[in-house]
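Scroll down for the structure; my scribbles are underneath it.
The values are calculated or read from the model by the stated rules, or taken from the named source; none is laboratory data. Remember, predicted model here, so these are calculated numbers, not experimental data. A quick note on method: Cβ atoms are made from the backbone with ideal geometry, for glycine too, and the neighbour counts reach across all protein chains shown. With ligands, DNA and RNA removed, areas are computed over all heavy atoms of the protein, side chains included. Shrake-Rupley method; radii C 1.70, N 1.55, O 1.52, S 1.80 Å.
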Amino acid sequence: SHELKMFNSTGLIQLVDAALQPLTSEFNGCRGDNEIQVVPMPDSCDQYIIIYSMYKADGIKAGYYIESELLYSRIRYTGTGPAVVYEKDVPILAAGTPRTYTRGKAVSRTGPDGDLLSHYLYACRRSTNSGSLSVDRFIIKNSPPYVSFDANTGDVASSMWYLTVIGSNIELSPDESRLAVVNRNDLSENTAYPQIYFFPTGTGLFNASNV
């Protein structure tokens with residue numbers, strides 16, 4: 001199923017709209033997304049931004065082997081009862097354009113200039129059989145637009161394997177000064193040989209020339 005569901009310790013969490021009416025579908029997340037980001041809304045105790053890869057109906061490939069767009073939903077959940085969905089399956093755009101990404105995602109503790117009321121979202125941009133990758137950075141905050149584009153690194157030469165999309169993770173260093181981007185690539189199809197690219201995240205440094 002392409003419906004991304006929410007659960008707590010007792011079972012399925014019902015989704016309702018702002019008028020508390022039940023929704024007819026769950027989130028449109030793909031079944032192969034092994035990195036779903038649940039981000040507490042800055043300056044809120046019960047609202048969250050959920051970031052996930054969009055489901056694509058592509059037979060056996062659906063969600064596993066093909067890159068896809070990013071979506072977010074904004075919800076309120078107190079720990080009991082239904083989750084109130086204020087926004088659902090909103091496309092995350094890079095400079096106004098929907099892009100496609102591997103499954104790796106990372107969210108920082110702080111935003112621009114160490115701001116505690118915002119976060120950075122990092123995602124690895126790729127397209128099918130491309131010979132390069134790049135990283136998009138977005139800003140998450142507690143007012144519209146809740147997720148907005150900030151910067152792109154520019155391209156880094158990097159070959160693609162059929163499990164690159166599902167097997168490429170992203171991690172931030174503890175001090176948030178460097179971003180590690182994995183490119184899973186096994187042309188022999190026997191052992192995974194990943195490349196790891198390190199991007200500095202500081203102002204004026206977040207670009208391919210500094211990898």
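Can you tell me the accessible area per residue over the chain, all protein chains present, probe 1.4 angstrom, in square angstrom?
Details: 10180 Å² over 211 residues.
In whole numbers, the chain has 48 Å² accessible per residue.
Each Lys or Arg adds one and each Asp or Glu takes one away; over the other residues whose Cβ falls under 12 Å from the Cβ of Arg76, this sums to -2. Considering only Gln21, Gly96, Thr128, and ranking their Cα positions along the charge dipole of the range 1-135 that arises from unit charges at the beta-carbon of Lys, Arg, Asp and Glu, the one farthest toward the positive end is Thr128. Taking Lys and Arg as +1 and Asp and Glu as -1, the other residues whose beta-carbon sits under 13 Å from that of Ile139 total -2.
Computed from backbone phi with θ = phi - 60° and the Karplus coefficients 6.51, -1.76 and 1.60, the 3J(HN,Hα) list for the range 195-211 is 9, 10, 10, 10, 10, x, 9, x, 4, x, 10, 7, 7, 5, 5, 9, 6 Hz; x is used for glycine and proline.
Hey, got the dipole for the range 113-211? About the Cα centre, +1 on K and R Cβ, -1 on D and E Cβ, debye to the nearest 20? Present the calculation step by step, with values, prior to reporting the outcome.
Details: 6 positive and 10 negative charges, 38 e Å.
The calculation lands at about 180 debye.
Convex hull volume of the Cα atoms of the chain, normalised per residue: 138 Å³. Near Ala19, once Lys and Arg are set to +1 and Asp and Glu to -1 for all other residues with Cβ below 15 Å from its Cβ, the sum equals 0.
Using a Förster distance of 30 Å, how high is the FRET efficiency between Ile196 and Cys45, based on the Cβ-Cβ distance and rounded to 0.05? It would help to have the intermediate numbers written out before the result.
Values: r = 37 Å, r/R0 = 1.22.
Approximately 0.25, to the nearest 0.05.
Relative contact order, percent, of the chain when contacts are C-alpha pairs under 8 Å separated by at least 6 residues?
Working: 502 pairs, mean separation 28.7, N = 211.
Answer for the chain is 14 percent.
Shown in residue order for the range 75-85 are the 3J(HN,Hα) couplings computed by the Karplus curve 6.51 cos²θ - 1.76 cosθ + 1.60 at θ = phi - 60°: 10, 10, 9, 8, x, 9, x, x, 9, 8, 9 Hz (x for Gly and Pro).
Would you calculate a helix-derived [θ] at 222 nm for the chain, using -39,500 (n - 2.57) for each DSSP H run of n ≥ 4 and dividing by the full residue count, to the nearest 500? Can you show the working numbers first?
Values: 1 runs with 4 residues, N = 211.
Taken over the chain, the calculation gives -500 deg cm²/dmol.
Using a 1.4 Å probe on the protein chains only, how many percent of the accessible area of the chain belongs to carbon and sulfur? The computed percentage sits at 52.
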